[in-house]
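Read the structure below first, then the notes.
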Amino acid sequence: MQISGLSLDQMRAALAVAETGSFSAAARMLHRKQSAVSYAVANLERQLGVLLFERSDGHAPTTTEAGRVLLGEMGAVVRRTDEIKNQAKAVAKGLESEVTIVIDSLYPVAKCAALFCEFADQFPSVSLRLITESMGDVQNSVLDGKSMLGIAGSVPDLPTGLLGDVIGQVARVPVAARDHPLVARGESNRRLPAHTLLDHIQIIVSDRGDATPDLAVYTARKWRVTDPATKYELLLAGAGWGYMPEHMIAGDLESGALRILQVEGLPERNRVAMMTIRRRGNRLGPAARWFLSRLMQTS
C-alpha cells in the first residue's frame, strides 16, 4: 500500500462515481473525460491496495464493503478541505475567525437564540465565543479588547472609550423565599414598614473588582455575589431577599417558591436598561458588524 501519493483529485473522482453510479455520469458531473475519471480511480485503488468498486461489463460499478468505509472517510477529508479553502478565502477578505461577545448575566440570552442560529448559517467558518459577566466586568471585557461586542446592563455612566445603543430593558422584582420572615410578615396584604428591611440580609450582584457601585441597595446588611445563579440559590434557601430578573424566576413566582415583597418605599419592579457596547474607534469585522446590526433590528 502506498498512500503518501493520494490526491484530492482521485478522492473526488471516486466519490463522484459512488454518488452518480457510473463513470460516465461522474465524468459529466466533474466536467472531465470518462477516461480521466477511470484512470484517477484506478490509481487510487492501486495505491490503497483495495478495490473500491466492483466492475463488470454491462453493469454499473458497485461499491465494495471496503469501499463504503474508505469512501466515507474520503468524503470527510474532501469536505474539510473545502471548508479550509473557504475559510482561507474569507479570512483574506477580512472575515473574523472568531467573534467574542460578552453578555451581562441579567440579559435573557433566549432572546438571542434564533439570532445565534442565524449567525451560524450566515458565517459557517466563524467560531462564536460567548462570555457571561456581571455589571462593570462586561464593560471591562470590551475596553480591554477581550470581547469585540458586549450586551451590558446596570451602566449608570458609559465610559468615554465605549459606544453604546439601548436595545431594551430587563424588569427585576424584589423577592424572598416563601418561608422567609419578610414574606410571612407581609401575608396580610399590607405593605411592611421600610425599616423592616434593615433586619434582613439583601443579596446583590456585583462585579469581581467592585468597579461598579452597588445599585438598589436598601440595607447595610448585604451579601455580594458575582452572578444571578448563586443569588437565586441563596434566595431559594431563605438566606436573604433581593431583586431578580423577572424572566429568570417566572416559574418560581407561579409555584410560590419565591414571593414578591410588599414593603413601603421598595419599588415592586425596577427596570435595567440593556445596551450593546463596543470600543470607540475599533473597526468591527464583517461577522461582528452583521451580528450588531441584526441585534439592533430584532430588539
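Can you pull out the GluC sites (Glu not before Pro) in the stretch 230-299 that DSSP calls coil and that have at most 13 other Cβ atoms within 10 Å? Spell out each step's value before the answer.
Working: sites: Glu233, Glu246, Glu254, Glu264, Glu268; in loops: Glu264, Glu268.
Taking the stretch 230-299 and a limit of 13 other Cβ atoms within 10 Å, the loop GluC sites (Glu not before Pro) found are Glu264, Glu268.
Mind pulling the angle between the C-alpha long axis of helix 286-298 and the longest principal axis of the chain? Nearest 10 degrees, somewhere in 0 to 90.
The angle comes out at about 50 degrees.
In whole Hz, with x marking every Gly and Pro, tabulate ³J(HN,Hα) for the stretch 119-134 from phi via Karplus 6.51 cos²θ - 1.76 cosθ + 1.60, θ = phi - 60°.
Using θ = phi - 60°, the values come out as 4, 4, 6, 6, 10, x, 8, 9, 7, 10, 10, 10, 10, 9, 9, 10 Hz.
Take every Cα pair under 8 Å in the stretch 8-92 that's 6+ residues apart, average their separations, divide by the length, and report that relative contact order as a whole percent. It would help to have the intermediate numbers written out before the result.
Details: 77 pairs, mean separation 23.7, N = 85.
So the answer I get is 28 percent.
At 1.567 mPa s and 4 °C, plugging the Kirkwood radius over alpha-carbon pairs of the stretch 21-157 into Stokes-Einstein gives what diffusion coefficient in µm²/s?
After rounding, the answer is 66 µm²/s.
Only counting other Cβ atoms within 10 Å, I'd like His31, His180 sorted with the fewest neighbours first.
Going from sparsest to densest Cβ surroundings: His31, His180.
Among Met296, Pro286, Leu258, flag the residue with its Cα farthest along the positive direction of the charge dipole of the stretch 258-299, charges on Cβ as +1 for Lys/Arg and -1 for Asp/Glu.
In the stretch 258-299, that residue is Pro286.
For Ile103, list long-range residues whose amide hydrogen, built 1.01 Å from N in the peptide plane, is under 5 Å from its own amide hydrogen.
Excluding prolines and chain starts, which carry no amide H, the hits are Ile131, Thr132, Glu133, Ile151.
Taking neighbour counts of Cβ atoms within 10 Å as a proxy for exposure, in what order, fewest first, do Asp227, Asp157 appear? Walk me through the intermediate numbers first.
Numbers: Asp227 12, Asp157 6.
Ascending number of Cβ neighbours within 10 Å: Asp157, Asp227.
Roughly what angle does helix 8-20 make with the longest principal axis of the chain, taking Cα atoms, 0 to 90 degrees, to the nearest 10?
Between the helix axis and the principal axis of the chain, the angle is about 90 degrees.
Would you kindly work out the equivalent ellipsoid of the stretch 103-299 from its C-alpha gyration tensor and give its semi-axes, the square roots of five times the eigenvalues, largest first in whole Å?
35, 18, 13
Values in this text are rule-based calculations from the coordinates and carry no lab data. It should be emphasised that the depicted structure is a prediction, and the values quoted were computed from it without experimental measurement. With ideal geometry, Cβ positions are generated from the backbone for all residues, glycine too; neighbour counts draw on all protein chains shown.
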